[in-house]
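Undergrad: Got a structure for you, questions after.
The values are calculated or read from the model by the stated rules, or taken from the named source; none is laboratory data. Treat the numbers as computed from the prediction; the structure is a model and nothing was measured. Areas reflect the complete protein model, heavy atoms only, side chains present, ligands, DNA and RNA absent. Shrake-Rupley method; radii C 1.70, N 1.55, O 1.52, S 1.80 Å.
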Amino acid sequence: MSQTFEVEIYGQRYAVRGEADQAYVVGLARQVDEQMRTLAAGMKAATPTKVAGLTALNLAHELHQARKLQQESAESVEKLAEGLLESIEETLGDSR
């Protein structure tokens, strides 16, 4: 069921409409707000547009790193499974 609620990010209020859990979306908005405020604190000229752009870049970097780690983990599990299968096949072949 679709619902509408508001979140605040970097002093701006946004109406959010969707089926996502409100607490989840509010938590996401809080994380974005915290990242924006942290970035803005380290900038001399922190316009909302600059801060939003750099925050988006940071979040894209985090997403890329998470996907890369997930891919590496999947490849590692696949190699481990292949090694185990080879070991089992060798063991079965030796016991025949």
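Undergrad: Rounded to the nearest 10 degrees, what's the angle between the helix 48-94 long axis and the longest principal axis of the chain, both from Cα atoms, 0 to 90?
TA: That helix lies at roughly 10 degrees to the long axis.
Undergrad: Excluding ligands, DNA and RNA, what is the solvent-accessible area per residue of the chain at a probe of 1.4 Å, expressed in Å²?
TA: Values: 7840 Å² over 96 residues.
About 82 Å² of surface per residue is accessible.
Undergrad: Could you state the principal axis extents of the C-alpha atoms in the chain, from the largest down, to the nearest angstrom?
TA: In descending order, the Cα extents are 72, 41, 14 Å.
Undergrad: To make sure I understand the rule: partners must be lysines, Cα under 29 Å from the Cα of residue 68, and not fewer than 8 residues away in the same chain. Which ones qualify?
TA: By straight Cα distance, residue 68 reaches 50, 79.
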